[in-house]
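First the structure, in the form of structure tokens, and then the observations on it.
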Amino acid sequence: MLQDNAYARLSDFDETHAEFTAIRRHLHAHPELSHEEAVTGRFVAEKLEAWGYAVTRGIGGHGVVGRLKVGNGTKSIGIRADMDALPITEETGLDYASTVPGKMHACGHDGHTTVLLAAAEYLARTRRFSGTLNVIFQPAEESNTHSGAKRMIADGLFDRFPCDAVFGLHNHPGVAEGHLMVRPGPIMAASDTARITIKGKGGHASRPHLAIDPIYIASLLVVALQSVVSRSIDPTQTSVVTVGAIHAGDAANVIPETATMALSIRSFDATIRDRLQDRILALAASIAEGHGATADVDYARGTPVVVNSEAETSFIRQVAEELLGEDKVSLCPLIPGSEDFAYMLEERPGSFVRLGNGLSSAFLHNPRYNFADANIPVGAALWARLTERFLQD
């Protein structure tokens, strides 16, 4: 076992900080959307190969895994970063802003990728562990219904690259740079969607009694859906039902045949998730039927709840406190956003953590967002120290 001062420290990344800042800004300037990350994946793979990793490309799309075995240790660890960007037009005005119209790294995946690359370079150079390190660069995190994590797993990720535990992180605007937030158990929500089509009977606006107005029925349903969480879910539980869109009709003097609604549903518990679906389906059917209409509901289960295992979360918290100090590690609140790392945590124990991106940082998915380069050595040192501590002799 190494002495504590022999594990990775923040200062170990001082010399490479400028190099990896340049890499991060290069990635930021050349964003690729979900399922399009061919150039980013090639860039990552070439870096890993140059540092001595055994690299496998094209896992679950453009996914890349670098494998580094050191010593005789039998344990293995997986660390994941996401690579895809968003269909957003950048408004930062930075000299390294996106060069691709309508595409932007507005969620910090350029930073996540760079952090893991910086850790991978350090670990390949120092080799102060015994076991197998798998660095996992995942495509299509932003693709809720065609998840890159799910596709990599289906492509044999954990069969081909066994991991005793798997870890990931996401930056978190509104929290000071260099501060880490952890949480055992559920941390991020399941994300489901529903598309409800109310089918009524069209007619003239001046004779509503001869029609069945789907807009009126949809409006009643919007109000009723607000009771799902407030009256059907335990008030100690957290969940969200949001009607994000309603589309119906084209003219003021025409009652249309149909009205379509789009819903976003978030939850942190499997039983609550089922309850939400049951109540939404029942309300849609009953309100439509009560007014002589029908309701067709296309209910789609998306990303599941991100559930951190207790032991691995306790371990990464310990490592973070050693590295950053106890004052910079805190309990993360429940986050109603979703994250497809959930699929990996369904397959292996592990933990997903949040790294503060700055108190004044623009929020995620915002055209003025930018990843904090000061976090590159923080995240890299966390991954390096975690690997060294996990893969001890």
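The values are calculated or read from the model by the stated rules, or taken from the named source; none is laboratory data. Small disclaimer: the values here were computed from a predicted structure and weren't measured. Cβ coordinates were reconstructed from backbone atoms using ideal geometry, including for glycine residues, and neighbour counts include every protein chain displayed. Please note that ligands, DNA and RNA were not included when accessible areas were found on the heavy atoms of the full protein model with its side chains. Shrake-Rupley method; radii C 1.70, N 1.55, O 1.52, S 1.80 Å.
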If we keep only residues of region 134-155 that are open to solvent by less than 10 Å² (accessible area, probe 1.4 Å) and not aliphatic (A, V, I, L, M), then the residue nearest to LEU117 (Cα to Cα) is PHE137
Residues of region 81-133 being assigned to a loop (DSSP other than H, G, I, E, B) and charged (D, E, K, R), in sequence order, are ASP84, GLU90, GLU91, ASP95, LYS103, ARG127, ARG128
When restricted to ALA45, ALA29, ALA8, the only residue closer than 16 Å to TYR369 by Cα, surrounded by 17 or more Cβ atoms within 10 Å (Cβ to Cβ) and out of contact with any His (no Cβ under 8 Å at 6 or more places or on another chain) is ALA29
Over region 50-62, the set of residues touching a Leu at 6+ places or on another chain (Cβ under 8 Å) and either within 19 Å of CYS163 (Cβ to Cβ) or open to solvent by less than 40 Å² (accessible area, probe 1.4 Å) (or both) is TYR53, ALA54, VAL55, ILE59, GLY60
Going through (1) touching a Cys at 6+ places or on another chain (Cβ under 9 Å); (2) open to solvent by less than 40 Å² (accessible area, probe 1.4 Å) one by one, HIS365 fails only at (2)
Of the candidates SER330, SER338, SER351, the one satisfying the condition of being closer than 22 Å to SER267 by Cβ, in a strand (DSSP E or B) and of a type in the set (Ser, Thr, Tyr) is SER351
Only one of (1) open to solvent by 20 Å² or more (accessible area, probe 1.4 Å); (2) in contact with a helix residue (DSSP H, G or I) (Cβ under 6 Å, 6 or more places away or on another chain) does not apply to VAL228, and that is (1)
Going through region 297-327 in order, the residues found to be crowded, with 17+ Cβ neighbours inside 10 Å, in contact with a Gly (Cβ under 8 Å, 6 or more places away or on another chain) and over 30 Å from THR145 (Cβ atoms) are LEU324
Of those in region 160-186 that are among the β-branched types (Val, Ile, Thr) and over 20 Å from GLU141 (Cα atoms), the residue least open to solvent (accessible area, probe 1.4 Å) is VAL182
Within region 328-360, the residues that are closer than 12 Å to VAL175 by Cβ and open to solvent by less than 30 Å² (accessible area, probe 1.4 Å) are VAL329, CYS332, ILE335, VAL353, ARG354, LEU355, GLY356, ASN357, GLY358
Scanning region 79-103 residue by residue, those farther than 18 Å from ASN144 by Cα, buried (at least 24 other Cβ atoms within 10 Å of the Cβ) and aliphatic (A, V, I, L, M) turn out to be ILE79
